[in-house]
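Here the structure comes first, spelled out in structure tokens, and everything after it is commentary.
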Amino acid sequence: MLQLYEVPQFPEGVIFQQDGAPPHYGNIVREFLDTTFRKRWIGRDAVMAWPPRSPDITPLDFYLWGYVKQYVYSGSINDINYLKQRITEVIHSVTPNVRTHV
């Protein structure tokens, strides 16, 4: 999701912050972040360390996932393909302006 949908829409020079959750800490993920954000990402063992006592919950946890769930589950989901379609639709509906304000 990050590579396909979000990164292409980030403004130039953005600093990316991620937590140290095991799926986010794999070698392939860190290599992608090192290549894409060149010393501009915050995380475990990153050039920019995660700040001490920093909350793990970001505005995306509060807003985006709630927004996605509200849309996706506003109707019944009958199969996995329809679920994927609904998720893709709602992610594409989030404009750069909305992301900036979140």
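Read-outs: derived from the displayed coordinates by stated rules, not from any lab. Here the structure is a predicted model, which is why all the values come from computation and not from measurement. Cβ: placed from backbone, ideal geometry, glycine included. Neighbour counts: every protein chain shown.
From the square roots a ≥ b ≥ c of the eigenvalues of the alpha-carbon gyration tensor of the chain, which class results: rounded (a/c under 1.5), prolate (a/b over b/c), or oblate?
prolate
Sum -39500 (n - 2.57) across every DSSP H segment of at least 4 residues in the chain, then divide by the residue count to get the 222 nm mean residue ellipticity, nearest 500.
Mean residue ellipticity, 222 nm, calculated: -12000 deg cm²/dmol.
Dipole of the chain, Cα-centred, from +1 at each Lys and Arg C-beta and -1 at each Asp and Glu C-beta, to the nearest 20 debye?
120 debye
Where a ≥ b ≥ c are the square roots of the eigenvalues of the C-alpha gyration tensor, would you call region 1-49 rounded, which needs a/c under 1.5, or, failing that, prolate if a/b is larger than b/c, or oblate?
Oblate, because a/c is 1.5 or more while a/b does not exceed b/c.
At a Förster radius of 25 Å, what calculated FRET efficiency corresponds to the Cβ-Cβ distance of LEU4 and ARG40, to the nearest 0.05?
Efficiency at R0 = 25 Å is approximately 0.80.
Under the rule of at least 5 residues apart or a separate chain, name every residue whose amide H is placed under 5 Å from the amide H of MET48.
TRP41, GLY43
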